[in-house]
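Student: Before I ask anything, here is the structure I am working with.
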Amino acid sequence: MVRFMSAEKDPTLGVKEHQALEMRESQLWWLAVLVIVLMAAALCVVDAMNTSDTWWVSRQLKLALNTKLVRVSLILAALLICAYFRDSARRLRRENDKLIRNLARYGAQLEKKNREISRLKELSDQLIGLADLQTALDLILGMAVEVIGADTASIMLREKGSDRLRIAASHGLPPGVVDSAEVQIGEAIAGLVAREGKALILNSDELSGEMAKRAFRGDVILSSVIVPIQLDNEIRGVVSIAKRRGSACFTQDDMDALSALANQASLAVQKMELLDDLRSQVDVLGATVQELRQARAELLQSEKLASIGQLAGGVAHEINNPLQVVLGRAEILLADEADEKNGESLKCIIEHTSRIADTVSNLLSFSRQSTDTDFQELDVNGVLSRTLGLLERQMTTNDITIVKDLRDGIAQVFGNAGQLQQVFTNIILNAYQAMKGLGGGTLSISSRSALNTVEIEFADTGPGIPRDHLARIFEPFFTTKAEGEGTGLGLSIAYGIVQSHGGSMQAHSSVGEGACFTVVLPIRQASCEDKAA
Amino acid sequence: MKALNIMVVDDEPGIRELIRDVLTRHGHKVVCAENGVEAVGLMSSDPMDVVYLDIRMPNGDGLMALREMRRLRPSMPVIMITGSARRDVLDETMELGAFACLVKPFGMNDVVGMLQVLGLE
């Protein structure tokens, strides 16, 4: 709450003076009436002296009053009385004018205070809606300059745990001063105020000795006020304002007003610190929620894959036995068949049975848990090169250009070379099939090391993948290929292999903009180390 | 070509009969067993030149039978038959001394081919 000390000192001063003036004016009026009555009586007496039948005035009195001395004395007395009245009236007028001036001055002060109060309220309302400390401090300083009438102003703040004050906001100070100003608590005027926690008015002309030495630019600055910013019984900074020579010094009222602004600054600092805490907690919460979502999605995917894998493994095993019998018997019949047509039919049976066998083999690969202990440290670039060596010719024959950006010296990963080759083969073949349909394209393959991982990226210039397909691309049996051209297991197998390596696989694509598959593998995987041991 | 005494061990009758028929057509004498216990019993009473042994069977696991066969007749080659090419299983059969592994579904030429690789045909 703002307190204005001067108004509280004597609130009835003007009223008492006015009442005294009124009483004196009243007295003067009655005195004037009395004088006039006396004058009239005197005139009557003088007149009576010139008449013979005034029985109520004695002859001796007539004789005494009829002399020239008495007449002159009466005239002089009248003149003196008039002069007295005139002087009294002048004094009254002067006092009246003074009273009016005082009243006007008090009225002006009151109006100024009212303005300060309404500006402070405006400031408070504006600060409520702000979420930025710098803006809040600039507003407060602007208010200090406008309302109190300072030439320069600054707010210095102390960071938590630090003993130094730095300028956080300023008005009217040279940029060089703002950037370099740093004060140790206890040093300079600002540091003293911050240490003692007491507000200070400094008028340069009144300083001497040590204080004069510590005062900043005493030749330019006439008067300054420094008040502490207090938060939770701790001094968090100071607000300083100054006036240059040529203007009036600051007063106690100005210091009180600045203290009110310092309170606002304190609330702003507290609010921003709370907001920052809240923001960082919200960020942490957001990141945690995101991680949980991702983990949940991966868990769901893993569970799906695991349950499908188990089912697939059981079904595959059950299919293999009758498949073996059909295939074997067909081969035996073919060996004995002389008839060409029958032979062709048997060949057809064998071919299609073999297709079933391939599907079952893929299914078994999918169902297999990562119990393969053949993990070792390997160079991903080497695996990529071997994979491309098998496929490159086929791709370039179909007008598909391969652009390689395999960084030298990338970190080694711990994994199974055969399985990773299967992953890379699957991704490259998918890209090949996508671009072959467009008559060619470019497949860019890059590898690089990140903090604890190795990232391999496959980007093609194919037709792209629609968003609804992209969401399901790692699902088992999901395929966009024509019937008979794919089992829909390749990418899900690849996904499972990458997961078993402790890594992750992602796909990004838009229709018409190709597709990009990213495989991220950890540099070291503790579980595989244990298995290998 | 000498007719070999061959034993086929598989819990699936279709598989047993298929391999038996293929080997019989090549002039070999084939006996069948449907589990590892029966197989070890047959082998103990009649010497065999080669055994085709399924890995996964109830009532006598194939690996158990393999260990017994290797103990009783170390010089007798055993060819494993499996429906699943799991590396860890294959590695274990090799460590136990199996000669080779046929992964279902295999071709009939592979069955006879094994005898050629063994130098028995």
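Student: Can we say B:P58 is within 14 Å of chain A (Cβ to nearest Cβ) and more than 30 Å from A:N416 (Cβ to Cβ)?
Tutor: Against the criterion (within 14 Å of chain A (Cβ to nearest Cβ) and more than 30 Å from A:N416 (Cβ to Cβ)), B:P58 qualifies.
Student: Further, regarding this structure: Quick one: A:G418 ticks every box in (1) surrounded by 14 or more Cβ atoms within 10 Å (Cβ to Cβ); (2) assigned to a helix (DSSP H, G or I) bar one, so which box is it?
Tutor: Condition not satisfied by A:G418: (1).
Student: Give the residue, chosen from A:V315, A:V380, A:V326, that is modelled with pLDDT under 90 and surrounded by 14 or more Cβ atoms within 10 Å (Cβ to Cβ).
Tutor: Unique residue meeting the criteria: A:V315.
Student: Still on this structure, please answer the following. Does at least one position in region A:338-352 carry a residue that is without any contact (Cβ under 8 Å) to a residue 24 or more places away in the chain, of a type in the set (S, T, N, Q), away from every other protein chain (no Cβ under 14 Å) and in a helix (DSSP H, G or I)?
Tutor: Yes; the residues of region A:338-352 include at least one that is without any contact (Cβ under 8 Å) to a residue 24 or more places away in the chain, of a type in the set (S, T, N, Q), away from every other protein chain (no Cβ under 14 Å) and in a helix (DSSP H, G or I).
Student: Follow-up question, since we're still on this one. A:F216 versus (1) over 18 Å from A:V269 (Cβ atoms); (2) modelled with pLDDT of 65 or more: which is the lone unmet condition?
Tutor: If we test A:F216 against (1) over 18 Å from A:V269 (Cβ atoms); (2) modelled with pLDDT of 65 or more, just (2) comes out false.
Student: Moving on to the next point. Using the structure shown, decide if A:A434 is on the phi < 0 side of the Ramachandran plot, crowded, with 21+ Cβ neighbours inside 10 Å and either over 46 Å from the mean Cα position of the chain (by Cα) or outside the structural domain of A:V520 (by TED's automatic domain parsing) (or both).
Tutor: Spelling it out, A:A434 is indeed on the phi < 0 side of the Ramachandran plot, crowded, with 21+ Cβ neighbours inside 10 Å and either over 46 Å from the mean Cα position of the chain (by Cα) or outside the structural domain of A:V520 (by TED's automatic domain parsing) (or both).
Student: Against the conditions (1) surrounded by fewer than 20 Cβ atoms within 10 Å (Cβ to Cβ); (2) modelled with pLDDT of 90 or more; (3) away from every other protein chain (no Cβ under 11 Å), where does B:P13 fall short? Just the number, please.
Tutor: (3)
Student: When residues of region B:36-60 are filtered for being surrounded by fewer than 19 Cβ atoms within 10 Å (Cβ to Cβ) and within 19 Å of A:Q324 (Cβ to Cβ), how many remain?
Tutor: Number satisfying all stated conditions: 2.
Student: Taking into account only those residues within region B:93-111 that are assigned to a helix (DSSP H, G or I) and within 18 Å of B:I6 (Cα to Cα), which is nearest to the chain's Cα centre (by Cα)?
Tutor: This residue is B:V111.
Student: Checking A:S162 against (1) loosely packed, with under 12 Cβ neighbours inside 10 Å; (2) outside the structural domain of A:V238 (by TED's automatic domain parsing), which single condition isn't satisfied?
Tutor: So A:S162 meets the others, but not (2).
Student: Against the condition surrounded by 13 or more Cβ atoms within 10 Å (Cβ to Cβ) and under 58 Å from the mean Cα position of the chain (by Cα), how does A:A297 come out, does it pass?
Tutor: It is false that A:A297 is surrounded by 13 or more Cβ atoms within 10 Å (Cβ to Cβ) and under 58 Å from the mean Cα position of the chain (by Cα).
Student: Separate question: Can you name every residue in region B:61-111 that is within 11 Å of another protein chain (Cβ to nearest Cβ), surrounded by fewer than 18 Cβ atoms within 10 Å (Cβ to Cβ) and among the polar types (S, T, N, Q)?
Tutor: Matches in region B:61-111: B:N109 only.
Student: Could you identify the single residue in A:A287, A:A257, A:A262, A:A268 that is small (G, A, S), surrounded by 10 or more Cβ atoms within 10 Å (Cβ to Cβ) and farther than 22 Å from A:A169 by Cβ?
Tutor: A:A287
Student: Here's something else I'd like to know. B:V22: out of contact with any Lys or Arg (no Cβ under 6 Å at 6 or more places or on another chain) and either away from chain A (no Cβ under 14 Å) or closer than 24 Å to B:L90 by Cα (or both), yes or no?
Tutor: No.
Student: If we scan region A:287-309, do we find a residue that is within 14 Å of chain B (Cβ to nearest Cβ) and not basic (K, R)?
Tutor: Yes; the residues of region A:287-309 include at least one that is within 14 Å of chain B (Cβ to nearest Cβ) and not basic (K, R).
Student: Just the residues that are within 17 Å of A:E187 (Cβ to Cβ) and among the polar types (S, T, N, Q), please, taken from region A:141-166.
Tutor: Result: A:S154, A:S162.
Student: Wholly within region A:424-524, which strands (runs of 3 or more DSSP E) include no fewer than the required count, namely at least 3 residues that are among the polar types (S, T, N, Q)?
Tutor: Hits in region A:424-524: A:441-449, A:504-509.
Student: I've got another one for you. Is it the case that A:I155 is assigned by TED's automatic domain parsing to the domain that holds A:I229 and either closer than 19 Å to A:E196 by Cα or out of contact with any helix residue (DSSP H, G or I) (no Cβ under 7 Å at 6 or more places or on another chain) (or both)?
Tutor: yes
Student: Let me ask something additional. Among all residue pairs at least 6 apart or on different chains, which show Cβ distances below 9 Å where the first residue, located in region A:54-75, is part of a helix (DSSP H, G or I) and charged (D, E, K, R) and the second is surrounded by 13 or more Cβ atoms within 10 Å (Cβ to Cβ) and at pLDDT below 70?
Tutor: Listed pairs, sorted by first residue: A:K62/A:A48; A:K62/A:M49; A:K62/A:T54; A:R71/A:V46; A:R71/A:L65.
Student: Look through region B:112-121, keep the residues that are more than 14 Å from chain A (Cβ to nearest Cβ) and within 14 Å of the chain's Cα centre (by Cα), and return whichever of them is farthest from A:I319 (Cα to Cα).
Tutor: Checking each candidate, the answer is B:L118.
Student: Run B:N5 past the list (1) more than 13 Å from chain A (Cβ to nearest Cβ); (2) buried (at least 19 other Cβ atoms within 10 Å of the Cβ); (3) touching a His at 6+ places or on another chain (Cβ under 8 Å) and report the number of the one that doesn't hold.
Tutor: Among (1) more than 13 Å from chain A (Cβ to nearest Cβ); (2) buried (at least 19 other Cβ atoms within 10 Å of the Cβ); (3) touching a His at 6+ places or on another chain (Cβ under 8 Å), the lone unmet condition for B:N5 is (2).
Student: Hey, another quick one. Please find, within region A:129-148, the residue that is farthest from A:N263 (Cα to Cα) out of those that are surrounded by 14 or more Cβ atoms within 10 Å (Cβ to Cβ) and of a type in the set (G, A, S).
Tutor: Here the residue is A:G142.
The values are calculated or read from the model by the stated rules, or taken from the named source; none is laboratory data. All of these numbers come straight from a predicted model, not from anything done at the bench. Quick reminder, even Gly has a Cβ in these numbers, built from the backbone with ideal geometry, and neighbours come from all protein chains shown.
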